[in-house]
Amino acid sequence: LLSLTDACPEATDPSSMRHLGETPEHSGNGEARTEAAHSDPTERCIHRLFEAQSARTPDVAAVVQDDERLSYSELNTRANRLAHRLIRLGVGPERRVAILLERSPSLLVSILAVLKAGAAYLPLDLGHPGARLRQVVEQSAAGVLLCDHTRGDVDWPPDLRRVNVADPSLASEADSDP
């Protein structure tokens, strides 16, 4: 994802940065930013920037870990499929999705999928005890858990939907950007 700064050159330009909550029209330096104010806000979302990069360089390696290599196109397709599954499960704006995965290409797929579905992701630490993981999930009101295996030591809330990101049935979901 570090290549995303290439997709958004203004991200490395300090003059384009502003404080959280500051509108483009009222930047700290007093200048009006009418161009930014009239641009489509979805074009600034990280998953939209990733989709644009995927369209420009579909066959370039986006992530490599050990023997696993995913191109931008493959990563985008996998994220789209998972996002469509999440949307079918009711995930969308104002929803939270817990993610319990090791650092891996599947973690990147999951983060992008949650963002594409319009939700917020809650990363869970695999090193935490089961009781703490349950507590965090309950307090956050996460409705879905993305994992690649279920921790047997966690008594997950009964209404928590678990999605195995390695489930082969995800291949039947739509490839298109949600």
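The values are calculated or read from the model by the stated rules, or taken from the named source; none is laboratory data. Computed from a prediction, not measured in an experiment: that's the story for all the values here. Just the protein is used for accessible areas: all its heavy atoms, side chains included, with ligands, DNA and RNA removed. Shrake-Rupley method; radii C 1.70, N 1.55, O 1.52, S 1.80 Å.
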Taking amide H positions as placed 1.01 Å from N in the peptide plane, with prolines and chain starts having none, which residues 5 or more places from residue 99, or on another chain, fall under 5 Å of its amide H? 122, 124, 146
For the range 78-176, what relative contact order do you get, as a whole percent, if you take Cα pairs closer than 8 Å and at least 6 residues apart? 35 percent
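For the range 76-178, which whole-number percentage of the solvent-accessible area (1.4 Å probe, protein heavy atoms only) is attributable to carbon and sulfur atoms? List each step's numbers first, then the result.
Details: 2490 of 5100 Å².
Carbon and sulfur: 49 percent of the exposed surface of the range 76-178.
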Between the range 120-178 and the range 61-84, what's the alpha-carbon centroid distance in Å? 19 Å
